[in-house]
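The structure appears right after this line, and notes come after that.
The values are calculated or read from the model by the stated rules, or taken from the named source; none is laboratory data. In this text the structure is predicted, and so the values were computed from the model without any measurement. For neighbour counting, all protein chains shown are included, and Cβ atoms are generated from backbone atoms with ideal geometry for every residue, glycine included.
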Amino acid sequence: MNFLRLWIPVVSLSFLLSIPFPVRAGEPMAQLSASINEFVTIMSNTSVAELQATGLPERARQLVFSRFDFSEMTKRSLGAHWKSMDQREQREFIAAFTQRLLVFYGKSVRSTGNEKIDFMREVREGKQASVETKVISGNGDQTPIDYRLYNIGGQWTVYDVVIDNVSLVNNYRAQFERVIAKSSVQDLLRRMKNQDS
């Protein structure tokens, strides 16, 4: 799979503002498409050798952290187990989960330049939205990728990505459940920190 199919979540931890923020029509799609298009440009201009040596370029990392909420994704991926962890463990799990994906995607994926992303439509319900996209390969293959977002102070932030009808959060939750069922949350955290699972 190429990086367009795998450009997935990560974001700075931020707090919901209590005062409603006026949102323009089409804002979720506009913000997301701007971020993705800039990411594509950065990655297309980064050599494979550099990606393998250092992972994501700093500009790409900052862009990812500004649009995706890994804290929320971590909570949703762990489900009920999140509350069984103390605050230190929660912070460590967020950091390990984030680093795991950044390293993996930074070292293993890069655009071939032959794909294009079509932004199909957005569906909004209050402070939540879904943006439907389609990645079209050079040979015409199409992969639907839907982004689930919520509004944080006027910024639409991704908390889940659904690739070809498979939710990233649900997929990780199933993997985490299997590990926890055989051992413990602490063992899962250890594996995540050691990047050995």
Restricting to the stretch 131-161, name every residue that is polar (S, T, N, Q) and farther than 20 Å from Leu63 by Cα. Ser137, Asn139, Gln142, Thr143
Go through (1) surrounded by 15 or more Cβ atoms within 10 Å (Cβ to Cβ); (2) at pLDDT 90 or above one by one and return the number of the condition Ile117 breaks. (2)
The stretch 46-79, residues that are in a helix (DSSP H, G or I), at pLDDT below 85 and surrounded by fewer than 18 Cβ atoms within 10 Å (Cβ to Cβ): Val48, Ala49, Glu50, Gln52, Ala53, Thr54
Which of the residues spanning the stretch 80-96 are among the acidic types (Asp, Glu) and exposed (fewer than 14 other Cβ atoms within 10 Å of the Cβ)? Asp86
Quick check on my filter: what residues within the stretch 134-159 are over 16 Å from the mean Cα position of the chain (by Cα), part of a strand (DSSP E or B) and not hydrophobic (A, V, I, L, M, F, W, C)? Lys134, Gln142, Thr143
In the list Gln90, Gln99, which residue meets the criterion of being part of a helix (DSSP H, G or I), over 22 Å from Asp146 (Cα atoms) and either at pLDDT below 85 or of a type in the set (Lys, Arg) (or both)? Gln99
Picking from Glu177, Glu122, the residue that is more than 14 Å from the chain's Cα centre (by Cα) and either at pLDDT below 95 or closer than 20 Å to Phe68 by Cβ (or both) would be Glu122
For the stretch 178-197, give me each residue that is under 18 Å from Lys83 (Cβ atoms) and part of a helix (DSSP H, G or I). Val179, Ile180, Ala181, Val185, Gln186, Asp187, Leu188, Leu189, Met192
What pairs come up if the first residue lies in the stretch 22-33 and is more than 15 Å from Leu63 (Cβ to Cβ) and part of a loop (DSSP other than H, G, I, E, B), the second is of a type in the set (Phe, Trp, Tyr) and modelled with pLDDT of 90 or more, and their beta carbons are under 9 Å apart, counting only those six or more places apart or on different chains? Val23/Trp156
Set Val158, Val162, Val185: member being touching a Leu at 6+ places or on another chain (Cβ under 6 Å), surrounded by 14 or more Cβ atoms within 10 Å (Cβ to Cβ) and β-branched (Val, Ile, Thr): Val158
